[in-house]
Amino acid sequence: MGLNLDEKKAVVAEVSAQVATAQTIVVAEYNGIEVAQLTKLRAQARKSGVYLRVLKNTLVRRAVAGSPFEGLAGQMTGPLIYGISQDPVAAAKVLSDFAKTHDKMVLKAGSYAGKVLDKAGVQALAAIPSREELLAKLLGVMKAPVSGFAVALGALAKQREEAAA
């Protein structure tokens, strides 16, 4: 059953709102994937903050018109699932990880920073650590000297106590 005009306008408005704040869009073909597997993919996408939907290509073309993602419109053919994220790597990571274990999911293209990416570009983007991973590494690097200093200070205090006794 098709969408009426008002429903189509609502979908275009919803996708346009997502695109307005997005840094990355990834598209993949999903032919032959079972509903249960798509449900798991959607749950993973939600957890990662990725807007994931199967949409009509013509509606998405309208939603991205005039945006930095407009160049991706040429890749919007066939049955596609769209991953849209504010995090630069989240959409690519979610769809790429899913495609590794499900051969019927085929990464098609993506767009990041106004540049259209092919399948290899999307996979390269997915290989970059997420913002949270990078922050955790930074915190670990910053914490190491402080904790080392605290251990040395404790050892020095213990030596002085022993020397005074």
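The values are calculated or read from the model by the stated rules, or taken from the named source; none is laboratory data. It should be emphasised that the depicted structure is a prediction, and the values quoted were computed from it without experimental measurement. Virtual Cβ from ideal backbone geometry, glycine too; neighbours counted across all protein chains shown.
In the condition set (1) surrounded by fewer than 22 Cβ atoms within 10 Å (Cβ to Cβ); (2) modelled with pLDDT of 90 or more, I84 is compliant with all but (1).
Annotation: A164 fulfils all but one of (1) of a type in the set (G, A, S); (2) outside the structural domain of L38 (by TED's automatic domain parsing); (3) within 24 Å of Q37 (Cα to Cα); the unmet one is (3).
G66 passes every criterion in (1) at pLDDT below 90; (2) within 30 Å of L5 (Cα to Cα); (3) touching a Gly at 6+ places or on another chain (Cβ under 8 Å) apart from (3).
Go through A113, A99, A120 for me and flag whichever is assigned by TED's automatic domain parsing to the domain that holds A36, of a type in the set (G, A, S), in contact (Cβ under 8 Å) with a residue 12 or more places away in the chain and under 30 Å from V35 (Cβ atoms). The conditions single out A99.
Okay, residues lined up against (1) assigned to a strand (DSSP E or B); (2) in the same structural domain as Q86 (by TED's automatic domain parsing); (3) within 19 Å of L107 (Cβ to Cβ):
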residue	(1), (2), (3)
A28	yes, yes, yes
G32	no, yes, yes
L38	no, yes, yes
L41	no, yes, yes
R46	no, yes, no
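Enumerate the pairs (first residue in the range 67-81 and in a loop (DSSP other than H, G, I, E, B); second residue anywhere and of a type in the set (V, I, T) and surrounded by fewer than 16 Cβ atoms within 10 Å (Cβ to Cβ)) with beta-carbon separation below 8 Å, excluding pairs fewer than 6 apart on the same chain, so at least 6 apart or on different chains. What qualifies is P79/V54.
Screening R53 on (1) among the basic types (K, R); (2) touching a Phe, Trp or Tyr at 6+ places or on another chain (Cβ under 6 Å); (3) surrounded by 18 or more Cβ atoms within 10 Å (Cβ to Cβ) shows it passes everything except condition (3). Remark: L38 falls outside the filter, which requires a residue to be closer than 30 Å to L134 by Cα, modelled with pLDDT of 90 or more, touching a helix residue (DSSP H, G or I) at 6+ places or on another chain (Cβ under 6 Å) and not small (G, A, S). Yes or no: the range 92-99 includes at least one residue that is surrounded by 18 or more Cβ atoms within 10 Å (Cβ to Cβ), part of a helix (DSSP H, G or I) and touching an Asp or Glu at 6+ places or on another chain (Cβ under 8 Å). Within the range 92-99 (the criterion being surrounded by 18 or more Cβ atoms within 10 Å (Cβ to Cβ), part of a helix (DSSP H, G or I) and touching an Asp or Glu at 6+ places or on another chain (Cβ under 8 Å)), the answer is no, since none of the residues qualifies. Here A126 clears all of (1) at pLDDT 90 or above; (2) surrounded by 16 or more Cβ atoms within 10 Å (Cβ to Cβ); (3) under 17 Å from A28 (Cα atoms) except the condition numbered (1). Being without any contact (Cβ under 8 Å) to a residue 40 or more places away in the chain, aliphatic (A, V, I, L, M) and touching a helix residue (DSSP H, G or I) at 6+ places or on another chain (Cβ under 8 Å) is true for just one of A164, A126. Which residue is that? Going through A164, A126 in turn, just one is without any contact (Cβ under 8 Å) to a residue 40 or more places away in the chain, aliphatic (A, V, I, L, M) and touching a helix residue (DSSP H, G or I) at 6+ places or on another chain (Cβ under 8 Å): A126.
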